[in-house]
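Trainee: First the structure, which I've put down as structure tokens, then a few questions once you've had a look.
The values are calculated or read from the model by the stated rules, or taken from the named source; none is laboratory data. Worth saying up front: this structure is predicted, and the values here are computed from it rather than measured. Every residue, glycine as well, gets a Cβ built from its backbone with ideal geometry; the counts of neighbours run over all protein chains shown. The protein model used for the area step is the full one, side chains on, heavy atoms only, and it has no ligands, DNA or RNA in it. Shrake-Rupley method; radii C 1.70, N 1.55, O 1.52, S 1.80 Å.
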Amino acid sequence: MVDRLCLARYASLAMLMVPTIAYGQTATNAQAPAAAPADQEGIGDIIVTATRENTALSRVPGSVTAVTSADLGPGGVSNIGDLQVVVPNVSIGDQFGVNRTFIRGVGLNNFDVGGEGAVAFLQNGAILPRPAQQLSGFFDLEQIEVLRGPQSILYGRGATAGAINLVTARPKEELGGFFRASYGNYNAKILEGAVGGSLTGGDGLLVRIAGKYEKRDGYGTNLFTGAGVDDRDAYALRGTIIANISPAVRATLVLDHFHEDDHNYAFHYFGPSVVPESGLPHVLLGGKTVIGYYAALGQTPNLRNIYSDQEAINRRKGYGATGTLDFDLGATTIKTITAFRTFDRFQRDDLDSSQVNLAGQNNYVEKSRSISQEITLNYQSGGFSLLGGAMYLHEKLTGQVLVPTTNLGVLFGLPANTFDAGAYEQNGVVKINAVGVYLQGSYEISPEVKITLGGRYNYEHRSGVGYFRFDAIGLNIPTNVAKGWSSITPKALIEYHPSTTSMIYASVTKGFKSGVINVGSTDPAIDPETVWSYEAGFKQRFANNRVLLSGAIFYYDYKNLQVSFVNANSIVQTINAATARNFGGELELEARVGGGLSINANASYLNAKFTKFCNAYYGAAFPARAGISYPACPGQPGLVDLSGNRLPNAPRFSLGGGFNWDVPLGDGKVTLTGDAKWQSKVYFTEFNNRDAEQGSYLMANAGLTYHAARDRWSLGVWVKNLGNEFVIANNIIAAATYQFPRVGSLMPPRTYGATFSVNF
């Protein structure tokens, strides 16, 4: 009933407010994706590079959203999490500093060391392999491309849900750039800028240098130590060099660096699950959680704060180099992308969520070194086109989870310090080698009908060397394992273009997500997950190119979904969750009303459920808990049957939209913007209970900016999360050692500020 009331209350607002995801924004740099031409009042068309064919957005036979540079930055899309406000059927959160992006109900369900998501994440077409690595890099971007649905041909191994490609800004021939300074609440300071141009007086050698610095106070406080939590202190640099060697050959080199050292991504406590607050084990040592702290004061808890003897430590850095060669041979074009990336992070959080140390200090180390190589070939002649390519990825992943078992003896009825010299530890190295070869051909049967057939061969081999030890139970074993997997993923597509302004398409494709070997884990190698996807959609322009309406319906048949949880022995375990099926639909509308006003809206429906899944329920030993019961699995009385339960992070309904209104003022203009998204309830675990859920909510943003003549400078004010909604980004049920507390991460509170920009 509450969801229906919220939907009725906010539907009109959500349909009127805009996430200015611009089908009509024009790229500003010479070598960046260029917009297709449009009349002055019509909607322009963005060139999407993630298709490997540089296709106009309105001509892509699939579900794609492009967010352009006009919508990126303070007050707009400034991090990966902001994408969910402007892109339908996308849900994004973080798992203690790890990106958890879900598209149409499928994403990262593996939170063990070495886990990977089902969304391929790329920068300029090169893979960013580590989910934690994907939380950086949002600065000086030309556009962000979000492809929904399995991308079996192009990206193969890790794109069963879709792909997100960050396209960085490129230098142009004229000397120019920008500087932007923002200040907001929480003492937030953001400095960003870029400068670039020609070094040779022509387009022979172009250079661009960009950087961003961000520092703010915490959204919460560690009430035990007084330190801030969920603050940010980070900087990033990027250099781009483009050499136009000849009219047919262009070379591009992008170098980047990211560094962060703060108390971000804190471990928040949301309350008990099957054991009451008074029965949690830290009470034996006189401990209290943040809820107990506020209860002693007779106050309502502020769960943005923590009450912990351990500071939330977050240190991460990375380097990257991506080299691209483009060859234009007339009917044939060839592109090679070579990338090398490093990523290191250290994270510390408090597992027992209290101000005493009951084996609570969780130290997490991750080091990744990867190199990738891809070559693609495009050939076009008349009504026939051919796309082919091959890729190779090698990654060396080193990881450690270390929990000193301080005071753990109290749980065994022994002196508290009995196991103080011991630890729970996962430690090891996993080497990943992946190859893929693909070929796709398209043929125009007639001017109206086009068919596409293709396939990809995937092979991946992983080998892990390491150990697992849990001294308190006398366990110390090697975790050496190696395994390889292969898969062929076909695709068939038909397009019908009844006119130059309309398109209807239908496709069938298979997706493949590689198997997993978790670092220092006692689990055997986890099998790959696969999906058969069936999708049909349309794109239609109306009103002299002022309105673009697109929609899609889809059906997914998943097998062997990879799911992580903390088992009864307090050990993270990953399994294949039998089968699941997803179906739903999406609508997107973009319109230029006139008088400088543009609006857009989107709506999505998703029905994502397990069709066969048996698992152990963490609350099985607490039958007195009211309202929680699951049927037993046939022939497996120790497991519960979760068939029919909804997949994690899969909202049934979502609505979004907004406006962008330019009002002339003297030689300049004033721009008013707003965007909003309403989302129905989601569960964060396969058990679909109140221990791990986020109810429906509305997230709204707004802005007001004055632009001087020719946009030489601008001054704007903005607010994000206008209603100051308290939204859980992710929630897990922690280990039996701590009696299954609810812990997780939060989306930011209301933030507001002002931004001054200069363009030159």
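Trainee: Name every residue in the range 394-406 that is open to solvent by 40 Å² or more (accessible area, probe 1.4 Å) and not hydrophobic (A, V, I, L, M, F, W, C), in order of residue number. Quick ask: steps written out before the conclusion?
Mentor: As a first pass, look at the range 394-406 and keep what is open to solvent by 40 Å² or more (accessible area, probe 1.4 Å): 394, 396, 398, 400, 402.
Answer for the range 394-406, where residues must be open to solvent by 40 Å² or more (accessible area, probe 1.4 Å) and not hydrophobic (A, V, I, L, M, F, W, C): 394, 396, 398, 400.
Trainee: Given the condition over 27 Å from residue 558 (Cα atoms) and acidic (Asp, Glu), answer yes or no: does some residue in the range 639-652 qualify?
Mentor: Looking through the range 639-652, none of the residues is over 27 Å from residue 558 (Cα atoms) and acidic (Asp, Glu).
Trainee: Somewhere in the range 367-384, is a residue crowded, with 20+ Cβ neighbours inside 10 Å and over 24 Å from residue 126 (Cα atoms)?
Mentor: Scanning the range 367-384, I find no residue that is crowded, with 20+ Cβ neighbours inside 10 Å and over 24 Å from residue 126 (Cα atoms), so the answer is no.
Trainee: Please enumerate the residues belonging to the range 96-120 that are of a type in the set (D, E, K, R), modelled with pLDDT of 80 or more and in a loop (DSSP other than H, G, I, E, B). Quick ask: steps written out before the conclusion?
Mentor: Initial filter on the range 96-120 (of a type in the set (D, E, K, R)): 100, 104, 112, 116.
Those left that are additionally modelled with pLDDT of 80 or more: 100, 104, 116.
Answer for the range 96-120, where residues must be of a type in the set (D, E, K, R), modelled with pLDDT of 80 or more and in a loop (DSSP other than H, G, I, E, B): 104, 116.
Trainee: Shifting gears a bit: Among (1) in contact with a Lys or Arg (Cβ under 7 Å, 6 or more places away or on another chain); (2) in contact (Cβ under 8 Å) with a residue 40 or more places away in the chain, which single condition is residue 344 missing?
Mentor: (2)
Trainee: Looking at the structure I just gave you, is residue 385 polar (S, T, N, Q), in contact (Cβ under 8 Å) with a residue 24 or more places away in the chain and under 24 Å from residue 98 (Cβ atoms)? First the steps, then the outcome.
Mentor: Details: polar (S, T, N, Q): yes; in contact (Cβ under 8 Å) with a residue 24 or more places away in the chain: yes; under 24 Å from residue 98 (Cβ atoms): no.
So residue 385 fails the test.
Trainee: Identify the residue in the range 703-728 that is under 20 Å from the mean Cα position of the chain (by Cα) and crowded, with 21+ Cβ neighbours inside 10 Å and, among all such residues, is farthest from residue 661 (Cα to Cα).
Mentor: Applying the filter and picking the extreme gives 728.
Trainee: Of the numbered conditions (1) β-branched (Val, Ile, Thr); (2) under 29 Å from residue 146 (Cα atoms); (3) open to solvent by less than 60 Å² (accessible area, probe 1.4 Å), residue 229 satisfies every one except a single condition; which is it?
Mentor: (2)
Trainee: Which residue is surrounded by the most Cβ atoms within 10 Å (Cβ to Cβ), if the candidates are limited to the range 668-686 and must be assigned to a loop (DSSP other than H, G, I, E, B) and at pLDDT 95 or above?
Mentor: 680
Trainee: Further question on the same structure: Tell me whether the range 630-639 contains one or more residues that are assigned to a strand (DSSP E or B), in contact (Cβ under 8 Å) with a residue 40 or more places away in the chain and not acidic (Asp, Glu).
Mentor: no
Trainee: While we're here: Within the group 660, 731, 689, 649, which residue is in a strand (DSSP E or B), at pLDDT below 95 and open to solvent by less than 20 Å² (accessible area, probe 1.4 Å)?
Mentor: One residue alone meets the criteria, 731.
Trainee: Only one residue in 117, 93, 158, 105 is buried (at least 23 other Cβ atoms within 10 Å of the Cβ) and in contact with an Asp or Glu (Cβ under 8 Å, 6 or more places away or on another chain). Which one?
Mentor: 158
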